[in-house]
Amino acid sequence: MTLSSKDREIIENSIRDIKDFPKAGIVFKDITTLLNDKEAYGVLMGHLHQKYKGCNLDYIAGIDARGFIFGAALAQMLGIGFVPIRKKGKLPYTTISEKYALEYGIDEIEVHIDAFSGIPNAKVLLIDDLIATGGTANAAAKLIKQAGAQCVEACFIIELSFLDGAKKLSETSPVYSVVKVS
């Protein structure tokens, strides 16, 4: 399913740029304005529903925290389960975890060990609001595999293509980005 140029413009125009956040020199892509715009959010979610409704997905996994917003809504629209991939220490049951590199240090995400156990080799769509360097997304794709499922695609609302995160992730999973920023 291809997004029309008009619909892409509606989505792009709803995303606010915040200069020098969280630090000088960075232009932060603020999706709160997209979420607050019923037309833009409707266009986005309608597009994602059309794109993925025939893919026979078993689950959607959303990355903490903004991936939950899109992932849970899309899972409900598709009539499938939603699995949260959270920052370390936030899930109440037995988990598996994956570490990934940050600019200054290491971080870790985790998922319940039985998140996908209801369906052997479950087909999972990974979703988040933005892909930059790809560290978190790569770790999430690895977690999905460790939990016995397959990441059939990773979907992002925004891709910062100049940081090559999607290119790196595409070595292990197909990637779809709604909006690309060069």
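Starting from residues that are in a strand (DSSP E or B) and touching a helix residue (DSSP H, G or I) at 6+ places or on another chain (Cβ under 6 Å), keep the ones in region 155-176 and report whichever is surrounded by the fewest Cβ atoms within 10 Å (Cβ to Cβ). It would help to see each step written out before you state the result.
Kept after step one, since they are in a strand (DSSP E or B), are these residues of region 155-176: 155-160, 175-176.
Narrowing the set further to residues that are touching a helix residue (DSSP H, G or I) at 6+ places or on another chain (Cβ under 6 Å) leaves 159, 175.
On the way: Glu159: 24, Val175: 22.
The selected residue is Val175.
Tally time: how many residues in region 4-50 are modelled with pLDDT under 95 and in contact with a His (Cβ under 8 Å, 6 or more places away or on another chain)?
So the count comes out to 0.
Within the bounds of region 113-121, is there any residue that is touching a Leu at 6+ places or on another chain (Cβ under 9 Å) and more than 19 Å from Cys55 (Cα to Cα)?
The answer is yes, given that some residue of region 113-121 is touching a Leu at 6+ places or on another chain (Cβ under 9 Å) and more than 19 Å from Cys55 (Cα to Cα).
Considering region 142-154 alone, what residues qualify as being hydrophobic (A, V, I, L, M, F, W, C) and part of a strand (DSSP E or B)?
Listed by number, the residues that qualify are Cys151, Val152, Ala154.
Of everything in region 37-61 that's touching a residue at least 12 places away in the same chain (Cβ under 8 Å) and part of a loop (DSSP other than H, G, I, E, B), which residue is surrounded by the fewest Cβ atoms within 10 Å (Cβ to Cβ)?
Among those that are touching a residue at least 12 places away in the same chain (Cβ under 8 Å) and part of a loop (DSSP other than H, G, I, E, B), it is Asn56.
Is it the case that region 62-78 has a residue that's over 24 Å from Ile10 (Cα atoms) and either without any contact (Cβ under 8 Å) to a residue 60 or more places away in the chain or not β-branched (Val, Ile, Thr) (or both)?
The answer is yes; a qualifying residue exists.
The values are calculated or read from the model by the stated rules, or taken from the named source; none is laboratory data. Quick caveat, the model's predicted, so the values are computed rather than measured. Reconstructed Cβ throughout: ideal geometry from the backbone, glycine too, with neighbour counts over all protein chains shown.
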